[in-house]
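Everything below concerns the one structure shown next.
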Amino acid sequence: MGTTANRMRIAIASGKGGTGKTTVATSLALSLAAELTPPPLFLDCDVEAPNAHIFLKPVFTQRREVSLMIPEVDETKCSHCGKCTEVCQYHAIAVLGKKTLVFPQLCHGCGSCTLVCPEQAITEIPNVMGVLERGAATNGIQFGRGVMNVGEPMAVPVIRQLKRWGVPQPGQIVIVDSPPGTSCPVVESARGANFLLLVTEPTPFGLHDLRLAAQVANELGIPAGVIINRANGAYPDLEAFCDAEKLPVLLYIPFERAIAEGVAQGRTLVEIHPEYTERFWQMFIQISRLS
């Protein structure tokens, strides 16, 4: 493996949910663990609905809360001048007459309102949004995940703190299981990756959402490749799109009942079909050359 491979961070993404993104991510991690020392670091960044633990079976030994600093207004000092509302780009603070209101769900924790308050009436307090957990998983894989509290509207702060907490060892490959879709949480998960592995399916919806995911890769300037899951024959429109966008199709996974049943039982693809361990390893070598 070259220097690039030794520092590689691979993000697995999809334009939509249910394409088999976590199936690919967990089996790729297990395949690399069979070949590499140290085994990879796996980060489950799908913080609204993390499920990679079902397949990799980590034992969590570390846990910490994720919080965002939000403003708290001392009404006895506040002159209700409105400077805090002027500087807030997210409308998370508002002055109504002689009352200043804070909306924690809109706050991004930038601290601008605290800095501009002429009366020093605003302080910052932590708003707990979720937790981070990490520990050892199957075959020595280091596993980290974020779990966002129910009802929290912003996943990005949890993902950002998970990535900072999940620092790889020298020479350790990082596998990032991104959220589905193409919104801000996906962008944050993919940011800093050497390669973006896009999982799709041969359906009109799959192609539509792959187009969006490919745009994200282009905007971020990250090399990308495609895995077609549930392949059941030729799908010319999908393959034509990949050719036109110079997205190499790195692996086909068949539409097969045994795979669906095994995944439903919490088994990985490489457990269901052990020959995929070598296929994922060869795919990784190809990714190393493309990134």
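The values are calculated or read from the model by the stated rules, or taken from the named source; none is laboratory data. These figures come from a predicted structure and were not determined experimentally. Every residue, glycine as well, gets a Cβ built from its backbone with ideal geometry; the counts of neighbours run over all protein chains shown.
Could you tell me whether L238 is more than 20 Å from the chain's Cα centre (by Cα), part of a helix (DSSP H, G or I) and surrounded by 20 or more Cβ atoms within 10 Å (Cβ to Cβ)? Let's see the steps before the verdict.
Working: more than 20 Å from the chain's Cα centre (by Cα): yes; part of a helix (DSSP H, G or I): yes; surrounded by 20 or more Cβ atoms within 10 Å (Cβ to Cβ): yes.
Taking the combined requirement at face value, the residue satisfies it.
Quick check on my filter: what residues within region 132-155 are surrounded by fewer than 17 Cβ atoms within 10 Å (Cβ to Cβ) and assigned to a helix (DSSP H, G or I)?
Of everything in region 132-155, those that are surrounded by fewer than 17 Cβ atoms within 10 Å (Cβ to Cβ) and assigned to a helix (DSSP H, G or I) turn out to be N139, G140.
Suppose the filter is within 30 Å of M283 (Cα to Cα) and more than 18 Å from the chain's Cα centre (by Cα); does L56 pass it?
no
Step by step: first the residues of region 171-185, then only those that are touching a residue at least 40 places away in the same chain (Cβ under 8 Å) and out of contact with any Cys (no Cβ under 9 Å at 6 or more places or on another chain), then the one that is surrounded by the fewest Cβ atoms within 10 Å (Cβ to Cβ). Which residue is that?
G171
Could you list, in sequence order, the residues of region 68-94 that are part of a strand (DSSP E or B) and either under 30 Å from T268 (Cβ atoms) or of a type in the set (V, I, T) (or both)?
I70, V73, I93
Run A29 past the list (1) more than 24 Å from R164 (Cβ to Cβ); (2) touching a helix residue (DSSP H, G or I) at 6+ places or on another chain (Cβ under 9 Å) and report the number of the one that doesn't hold.
Just one mismatch for A29, condition (1).
If I ask for residues that are assigned to a loop (DSSP other than H, G, I, E, B) and surrounded by 15 or more Cβ atoms within 10 Å (Cβ to Cβ), which ones from region 95-105 would you list?
P104, the sole residue that qualifies.
So for region 120-131 (the condition being modelled with pLDDT of 95 or more, small (G, A, S) and surrounded by fewer than 16 Cβ atoms within 10 Å (Cβ to Cβ)), does at least one residue qualify?
The answer is no; no qualifying residue exists.
Considering only residues that are part of a strand (DSSP E or B) and of a type in the set (A, V, I, L, M, F, W, C), look in region 106-131 and name the one that is farthest from V167 (Cα to Cα).
Applying the filter and picking the extreme gives I122.
Considering only region 106-119, how many residues are out of contact with any helix residue (DSSP H, G or I) (no Cβ under 7 Å at 6 or more places or on another chain) and either loosely packed, with under 13 Cβ neighbours inside 10 Å or in the same structural domain as V156 (by TED's automatic domain parsing) (or both)?
Residues meeting the conditions: 1.
Filter the helices (runs of 4 or more DSSP H) completely within region 248-291 down to those with at least 1 residues that are basic (K, R) and either modelled with pLDDT under 95 or assigned by TED's automatic domain parsing to the domain that holds N229 (or both).
Fully inside region 248-291 and qualifying: 257-264, 276-290.
Does E35 meet the test of being under 21 Å from N149 (Cα atoms), of a type outside the set (G, A, S) and surrounded by fewer than 17 Cβ atoms within 10 Å (Cβ to Cβ)?
no
For region 221-229, does any single residue satisfy the condition of being under 21 Å from the mean Cα position of the chain (by Cα), exposed (fewer than 13 other Cβ atoms within 10 Å of the Cβ), assigned by TED's automatic domain parsing to the domain that holds T23 and free of Cβ contacts under 8 Å to residues at least 40 places away in the same chain?
Within region 221-229, one or more residues are under 21 Å from the mean Cα position of the chain (by Cα), exposed (fewer than 13 other Cβ atoms within 10 Å of the Cβ), assigned by TED's automatic domain parsing to the domain that holds T23 and free of Cβ contacts under 8 Å to residues at least 40 places away in the same chain.
Go through region 42-67 and report how many residues are assigned to a strand (DSSP E or B) and surrounded by 22 or more Cβ atoms within 10 Å (Cβ to Cβ).
Count: 4.
Conditions tested, residue by residue: (1) in the same structural domain as I227 (by TED's automatic domain parsing); (2) under 17 Å from T114 (Cα atoms); (3) out of contact with any Asp or Glu (no Cβ under 6 Å at 6 or more places or on another chain); (4) of a type in the set (G, A, S).
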residue: G17; (1), (2), (3), (4): yes, no, yes, yes
residue: T22; (1), (2), (3), (4): yes, no, no, no
residue: A34; (1), (2), (3), (4): yes, no, yes, yes
residue: I54; (1), (2), (3), (4): yes, no, yes, no
residue: H80; (1), (2), (3), (4): no, yes, yes, no
residue: A92; (1), (2), (3), (4): no, yes, yes, yes
